[in-house]
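The values are calculated or read from the model by the stated rules, or taken from the named source; none is laboratory data. Please read these numbers as outputs of a predicted model, since none were measured by experiment. Glycine also receives a Cβ, built like all others from the backbone with ideal geometry; neighbour counts cover every protein chain displayed.
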Amino acid sequence: MALAEQAKRVADEFGFGPDAVNKAVKEFIREMDEGLLQEGTELSQIPTYVTAVPNGTEKGLYMAVDLGGTNFRVCSIQLHGNTTFSLTQNKVAIPKELMVAKTSQELFSFLAKQIETFLKTHHEEHYTGFLRRRNTIGSTQEEEIFNLGFTFSFPVNQIGINKGLLMRWTKGFDIADAVGKDVCALLQTEIDALGLPVRVAALVNDTVGTLMARSYTSPGKTGTLLGAIFGTGTNGAYVEKLDKVTKLTKSKNSGDYDKSTGEMIVNTEWGSFDNSLRTLPNTPYDKELDEKSVNPGIQMFEKRVSGMFLGEILRLAIVGLLKDPTFPLFRDENSAQNDVHSTTQIHDNSPLYKQWGLDTSFLSICAGDTSPGHRMIRQTLDKDYGVSAVSAEDAEAVRAIAAAVGRRAARLAAVAIAGIVINTGRLDSAKGTATTEQKEGINPPRGDVELSEDDVIDIGVDGSLVEFYPNFEDHIREALREIESIGEKGEKRIRIGIAKDGSGVGAALIALVAGKLGLSVSPKPGIIWPETRVHIAWAA
Ligand code: BGC
């Protein structure tokens, strides 16, 4: 069989057709409802205690930190009071050894040190002034303390605005002693150990921050419905009717929350959708990836969708093929067609032979290289992956399999988006998310859109996949059109917009309100926000 045909056979293993998509959407909706009723379900459906889309007219300086899957970002946000703000940020890669550190203290002290460095670099006067006053007068002023929003992009059982117990690690992190602990307290302890003028005022999932940030900038009249991340990991937070969140409203142990909007933002933790594999596809490569992961059996949706895993799925598929002597990939039969007319060789140290050796960015390169001969793919295989003298046929075979892995991820992403759009009833009604805008009669100018504003269902997204994988949104849209209760008409109503780095901005704004209300002193969940528009002005 020719290489191209055999590659197509492997690519077909990643097929996820319209029937499979529709079946998965039904399961997603079932799990959404189940998660709103009780604890311990596949979709965690975590109430966030945030009950309206936030806004801020205040002036002041706030901080946010964001522990994602790959980087740790520290930023400060200066609110100018006229609906604009500027942001200064620092980003460091999280050292791999800290992701699996023996104690949580090792990770959290590293985070606190990054905050200290940031303060010394970007707010030196404020910081040294604080230290001077503390050392000379022995006391400090409340105004000198930065309220900090902590974006923590892992599943947390939120029990207050700045209190949340870690449920489990994801995305390759594995530090046993942190599970069950309040992550805000872990960070505060290390901040205090360094004597920094910083108070952890609010805990936010990155999807919630994305939803907030998108809501400020969305050109629609209706508030944003969903904030979603398709990056190293994947997840979504959406606006749910409060009376459906019965595990919160019927519980005697839940904290206080504002009931006036009748809505609450719920963090789905959809990375663990269908862990029992009722509807998710399961190729031999998915199975192998899961078995060798730090958390077998969980985050099964995430393991098929997000950036941390797609490269590894492709790597396992390629390595599987290389083990098959009848499969002509990277073999001399094709070498006549390569540029250098030498034999194709895979270096013994090729990252292709190492777990996690193939970066998901390679899938983006494959999807983006439509040139005849696939020069980019061949060069990358040579330069980054130790495969020299790759032929055009080899590159085409790799490209076909990579495209199938990426397309399947996008079609799965559509399942989650569709589940939320359908189950919240947004397709049936023209009613948007509650904001206090309606209450206060403020109608800020919004940008032009083709659809009637009342019909738009707005979704904010962020993460490396949506940002860098070519046509990710197109593949999502193709699948959305195939979904029975969405179809072409419904798909047109769904507006997907990037909320770049929104999670940091969202966290800072929540910290602002939490600090203002004194929630950080006496943690009390439940926020309601005054409506205004905030434009993001990025500083270097
Ligand atoms: C985490 C979520 C997070 C998502 C995106 C997942 O692994 O469980 O809390 O929102 O990654 O960062």
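Things worth noting here:
- From G180, G233, residue being more than 24 Å from N71 (Cβ to Cβ) and not acidic (D, E): G180
- Residues of the stretch 244-294 satisfying the condition of being of a type in the set (S, T, Y), within 22 Å of I420 (Cβ to Cβ) and out of contact with any strand residue (DSSP E or B) (no Cβ under 6 Å at 6 or more places or on another chain): T246, T249, Y257, T261, S272, S276, T279
- Selection from the stretch 457-495 of residues that are more than 16 Å from the ligand (Cβ to nearest atom), hydrophobic (A, V, I, L, M, F, W, C) and either surrounded by fewer than 19 Cβ atoms within 10 Å (Cβ to Cβ) or in a helix (DSSP H, G or I) (or both): I476, A479, L480
- Among the residues of the stretch 167-217, the one identified as touching a strand residue (DSSP E or B) at 6+ places or on another chain (Cβ under 9 Å), within 14 Å of the ligand (Cβ to nearest atom) and charged (D, E, K, R) is D206.
- For the stretch 150-163, residues that are modelled with pLDDT of 90 or more and away from the ligand (no atom under 11 Å from the Cβ) total 2.
- Residues of the stretch 381-415 classified as among the hydroxyl-bearing types (S, T, Y) and buried (at least 21 other Cβ atoms within 10 Å of the Cβ), total: 2
- Any hit, the stretch 18-25, residues being surrounded by 24 or more Cβ atoms within 10 Å (Cβ to Cβ), at pLDDT 95 or above, among the small types (G, A, S) and within 24 Å of the chain's Cα centre (by Cα): yes
- Residue in the stretch 229-246 that is away from the ligand (no atom under 13 Å from the Cβ) and of a type in the set (F, W, Y) present: no
- For the stretch 133-149, filtered to residues that are under 19 Å from I77 (Cβ atoms) and surrounded by 13 or more Cβ atoms within 10 Å (Cβ to Cβ), the residue that is farthest from the ligand (Cβ to nearest atom) is E144.
- Listed by first and then second residue, the pairs with beta-carbon distance under 6 Å, at least 6 apart or on different chains, first residue in the stretch 88-100 and free of Cβ contacts under 8 Å to residues at least 40 places away in the same chain, second in a strand (DSSP E or B), are N90/V74; K91/N71; K91/R73; V92/F72; A93/N71; I94/F72.
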